[in-house]
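Report on one structure; see the data block that follows.
The values are calculated or read from the model by the stated rules, or taken from the named source; none is laboratory data. In this text, all values refer to a predicted model and were calculated from it rather than measured experimentally. Every residue, glycine as well, gets a Cβ built from its backbone with ideal geometry; the counts of neighbours run over all protein chains shown.
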């Protein structure tokens with residue numbers, strides 16, 4: 001996560017952006033045009049078929065418009081030279097990356113916002129979608145646990161986990177999930193999970209917005225990033241910030 005610069009040792013391992021829209025039956029006929037628009041940045045492509053399996057009782061009012069009659073959903077997958085993955089379906093576009101260094105700071109070619117705008121703008125050019133039913137941004141952070149003691153843990157994190165009741169030195173697993181509505185159509189899914197075998201605290205923060213004009217997606221995405229960043233820094237304390245400024249020891253990060 002970034003709030004005042006691009007960190008040399010960031011904890012983010014994955015960032016995902018998604019827009020959802022009403023099911024478009026004709027999008028399959030536009031995939032070739034879309035592929036040509038993005039081919040310079042997403043040269044690799046493949047068509048995947050996903051079998052939809054129904055579990056439980058089908059209730060009146062359930063929406064299955066996006067599921068074809070044969071129960072097989074088509075997913076058009078495109079991959080950039082750096083490994084960013086783009087998935088297009090009849091009702092959504094999803095971007096996933098494990099290598100971007102920032103959302104909108106530093107080298108423009110290394111900003112996640114740049115590739116996000118590239119993909120969505122070319123989708124809207126190919127398929128003029130007036131409304132997105134959902135816009136979401138998610139960051140998955142793998143944060144270090146320096147010592148299996150509450151004192152050390154709380155030096156780095158203001159955690160929601162009940163470790164004062166169940167000490168870190170005795171815990172084998174711990175996870176908490178909060179789903180909350182924010183102002184003006186925004187919402188948040190906040191997850192914390194201990195992975196003691198890896199000496200990590202996973203902070204999985206997913207911010208989203210409901211229905212909006214597609215022309216407003218950039219401003220909404222910026223607000224989603226600001227929301228995620230604020231939640232991250234409500235959990236991570238100054239020692240974690242100092243850790244993120246250290247020279248990178250190795251491995252991947254965002």
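Please count how many residues of the stretch 85-104 are more than 15 Å from residue 35 (Cα to Cα) and touching a strand residue (DSSP E or B) at 6+ places or on another chain (Cβ under 7 Å).
The total comes to 9.
Let me confirm something: among 31, 6, which residue is within 20 Å of residue 116 (Cβ to Cβ) and modelled with pLDDT under 95?
6
Suppose the filter is in contact (Cβ under 8 Å) with a residue 24 or more places away in the chain, within 15 Å of residue 10 (Cβ to Cβ) and part of a helix (DSSP H, G or I); does residue 225 pass it?
Against the criterion (in contact (Cβ under 8 Å) with a residue 24 or more places away in the chain, within 15 Å of residue 10 (Cβ to Cβ) and part of a helix (DSSP H, G or I)), residue 225 qualifies.
Does at least one position in the stretch 220-235 carry a residue that is out of contact with any helix residue (DSSP H, G or I) (no Cβ under 8 Å at 6 or more places or on another chain) and farther than 29 Å from residue 83 by Cβ?
yes
Name the pairs whose Cβ atoms lie under 6 Å apart, with the first residue in the stretch 38-54 and outside the structural domain of residue 78 (by TED's automatic domain parsing), the second at pLDDT 95 or above, and 6 or more positions between them or separate chains?
No pair meets every condition.
The conditions are (1) in contact (Cβ under 8 Å) with a residue 12 or more places away in the chain; (2) closer than 30 Å to residue 211 by Cβ, and residue 163 fails exactly one of them. Which is it?
Result: residue 163 fails condition (2) only.
Out of the stretch 5-37, which residues are in a strand (DSSP E or B) and over 22 Å from residue 127 (Cα atoms)?
12, 13, 14, 15
Search the stretch 232-248 for residues that are in the same structural domain as residue 189 (by TED's automatic domain parsing) and in a loop (DSSP other than H, G, I, E, B) and pair each with any residue that is at pLDDT 95 or above and buried (at least 17 other Cβ atoms within 10 Å of the Cβ) when their beta-carbon atoms are under 8 Å apart and the residues are at least 6 apart or on different chains.
Cβ pairs passing all conditions: 237/156; 237/157.
Considering only strands (runs of 3 or more DSSP E) fully contained in the stretch 54-141, which possess at least 3 residues that are surrounded by fewer than 18 Cβ atoms within 10 Å (Cβ to Cβ) and modelled with pLDDT under 95?
Ranges flagged: 72-79.
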